[in-house]
Amino acid sequence: MHPHPIFGLFAAILAVIPAWKIVSKAGYNGAWSLLIFVPLVNIIMMYVFAFSQWPTERSRTP
């Protein structure tokens with residue numbers, strides 16, 4: 001038995017919405033959150049966002 005395609009779409013939307021908000025609040029284009037669907041790239045993206053200086057932080061430093 002295969003899950004219904006609507007369930008897959010619903011799960012994808014549930015994954016993208018918070019990722020889009022986090023990436024946008026960090027000062028990046030929200031479209032970067034779509035990389036969570038690319039295997040291995042999503043893990044690399046998480047580390048890049050975790051350890052890089054965000055554009056919003058750059059604007060706050062004197």
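Highest mean first, how do 39-49, 5-15 rank when packing is the count of other Cβ atoms within 10 Å averaged over residues? Spell out each step's value before the answer.
Numbers: 39-49: 11.9, 5-15: 10.4.
Most protected by this proxy first, the peptides run 39-49, 5-15.
Could you work out Rg/(2.2 N^0.38 Å) for the chain, with Rg from alpha carbons only?
With N residues counted in the chain, Rg over 2.2 N^0.38 Å equals 1.37.
Every number here is computed from the coordinates shown, using simple stated rules; none is lab data. As the structure is a computational prediction, the values presented were derived from the model and not from experiment. As a convention, Cβ positions derive from the backbone with ideal geometry for all residues, glycine included, and neighbour counts pool all protein chains shown.
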